[in-house]
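Engineer: Sharing a structure below in structure tokens format, with a few things to ask.
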Amino acid sequence: FLNVFKDRIQGPNGHQGMREYIRHPGASLVIPILPNGNLLAIRQFRYPLQKIFIEFPAGKMDPGETPEQAAVRELEEEVFYTSKKLKKLTEIHPSIGYADEIIHLFTAEDLTKVQTTRDPDEVIIPFEISVDQLKEMIWNHQITDVKTQIAAFWYFRVREEL
């Protein structure tokens, strides 16, 4: 799903050069908020770093899919919930030096448990986490995934405004 390009460019100073970059279809991340105020996160093995990471449910957008549709799909596929209240927090550009990826960040409330299956090659373990635990895990370097950190920071801010 990734395509690498190499373009000859002329910079603002008139000099020419080459730029390599990746075209990405975009992605969505969703923070599932449980009725008790806790959140749902996942533990997922990430092959490039050979490590299990703590993240919020997220994934790339399929062709023709909106960011909202991708968030709803990922919520269902990764933690087995649907939501009646999806709210956009912001969008981020995690790799501006080499990719055009945009990740749309959402919260999801009014959750309903559903029966579904995961892709057979995905090993995802959902777990409940309090906001205080989330903060502690970020500051203790247990959560290093950038999209999850930024989504958490936005959620902390929104939560303080309520």
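Engineer: Relative to the Cα centre, what is the charge dipole magnitude of region 42-160, using +1 at the beta carbon of each Lys and Arg, -1 at the beta carbon of each Asp and Glu, and rounding to the nearest 20 debye?
Structural biologist: It works out to roughly 300 debye.
Engineer: Starting from the amide H of D145, placed 1.01 Å from N in the peptide plane, find each other amide H under 5 Å away whose residue is 5 or more places distant or on another chain.
Structural biologist: Counting only residues 5 or more places away or on other chains, the set is I54.
Engineer: Where does the Debye-calculated log10 I(q)/I(0) of region 59-162 sit at q = 0.13, 0.17, 0.23 Å⁻¹, using only Cα point scatterers of equal weight, no solvent?
Structural biologist: So the normalised log intensities work out to -0.55, -0.98, -1.58.
Engineer: Consider a paramagnetic label point 7 Å from the Cα of I9 along Cα→Cβ; state which residues of region 80-101 have an amide N under 15 Å from it.
Structural biologist: Residues 95-101 fall inside that zone.
Engineer: Follow-up question, since we're still on this one. Only Cα pairs under 8 Å and at least 6 apart count here; give the relative contact order of the chain as a rounded whole percent.
Structural biologist: 26
Engineer: If I stretch the segment between Q69 and L49 completely, what's the gain in nm (0.36 nm per residue apart, minus their alpha carbon distance), one decimal?
Structural biologist: Length difference between fully extended and current span is 4.4 nm.
Engineer: Could you order H24, H15 so the one with the most accessible surface comes first? Probe is 1.4 Å.
Structural biologist: H15, H24
Engineer: As an exercise, use a Förster radius of 35 Å and the Cβ-Cβ distance of T117 and W154 to find the FRET efficiency, rounded to the nearest 0.05.
Structural biologist: 0.70
Engineer: How far apart, in nm, are the 7 Å Cα→Cβ label points at L34 and E128?
Structural biologist: Label-label distance for L34 and E128, simple model: 0.3 nm.
Engineer: Straight-line reach from K113: which lysines have Cα under 18 Å away, leaving out those fewer than 8 places along the same chain?
Structural biologist: K84, K85
Engineer: Let me ask something else. At a 1.4 Å probe, what is the % contribution of carbon and sulfur to the accessible area of region 1-146?
Structural biologist: 52
The values are calculated or read from the model by the stated rules, or taken from the named source; none is laboratory data. Worth saying up front: this structure is predicted, and the values here are computed from it rather than measured. Neighbour counts are summed over all protein chains in view; Cβ atoms, including those assigned to glycine, are modelled from backbone coordinates with ideal geometry. Accessible surface is based on the protein model in full, side chains and every heavy atom, while ligands, DNA and RNA are left aside. Shrake-Rupley method; radii C 1.70, N 1.55, O 1.52, S 1.80 Å.
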